Structures are given as structure tokens and as C-alpha cells.
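The values are calculated or read from the model by the stated rules, or taken from the named source; none is laboratory data. Being a predicted model, the structure only gives us computed values, none of them experimental. Here the Cβ positions follow ideal geometry from the backbone for every residue, glycine too, while neighbour counts run over all protein chains shown. SASA here: full protein model, heavy atoms, side chains in, ligands and nucleic acids out. Shrake-Rupley method; radii C 1.70, N 1.55, O 1.52, S 1.80 Å.
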Amino acid sequence: MTPTLTPPPETVSPPAADERCDRCNAAGKLRITLSGGSELVFCGHHANKYAEDLVKITVRYATDPEFTWRGADLMAN
């Protein structure tokens, strides 16, 4: 039997303090990774406003430690 090596999951880091929302230029609170590897950053307002749509296209995500994303619960389901 030949063992199969599985690469470790890629991690996504939360937005840096100087990163801005791709929608409105406010401070980034959520970073999502799409299936093709592209990343988007959203402020808290837009992350929660579009949570239902974002979970449909998100492969991985990371949030600012002080931010609670509404989509996290949706991703778990």
C-alpha cells in the first residue's frame, strides 16, 4: 500500500491594519479566499450585509480578532 501525502490546508490571515474594504475603502475586517485563489477584503458593514452571498463563493476566510462575521455561522452549516 502506498501512503498518500495530503498537503496542509492553506491558511488565510486576517486583513492587515492598512488594508481597505474592496467595496467602500473602510478598514478591512474580513478576508475571503475564492476557489480560484483570489482574495477579497470587506469592512464589517459590507461583510455582514453581503454574508449570505459571500458564503456561497468563499473557500476560506479570516476575520479581525475583534470582529464577528455573520457568515461564520452560515459557513458552519
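A few points about this structure:
- Filter result for Glu52 (part of a loop (DSSP other than H, G, I, E, B) and either open to solvent by 30 Å² or more (accessible area, probe 1.4 Å) or closer than 18 Å to Thr11 by Cβ (or both)): no
- For the range 26-37, a residue qualifies if it is open to solvent by less than 100 Å² (accessible area, probe 1.4 Å) and either modelled with pLDDT under 95 or not small (Gly, Ala, Ser) (or both), and the qualifying residues are Lys29, Leu30, Arg31, Ile32, Thr33, Leu34, Gly36, Gly37.
- When restricted to residues that are surrounded by 13 or more Cβ atoms within 10 Å (Cβ to Cβ) and either at pLDDT below 95 or touching a Gly at 6+ places or on another chain (Cβ under 6 Å) (or both), the range 61-77 contains 3.
- Residues of the range 56-71 classified as of a type outside the set (S, T, N, Q) and over 9 Å from the mean Cα position of the chain (by Cα), total: 9
- Evaluation of Gly44 against the conditions (1) crowded, with 17+ Cβ neighbours inside 10 Å; (2) over 12 Å from Cys21 (Cβ atoms); (3) not aliphatic (A, V, I, L, M) shows that the sole unmet condition is (2).
- Selection status of Ala16, touching a helix residue (DSSP H, G or I) at 6+ places or on another chain (Cβ under 8 Å) and either at pLDDT below 95 or of a type in the set (Gly, Ala, Ser) (or both): no
- Subset of the range 55-77 [assigned to a strand (DSSP E or B), more than 14 Å from Cys21 (Cα to Cα) and hydroxyl-bearing (Ser, Thr, Tyr)]: Thr58, Tyr61
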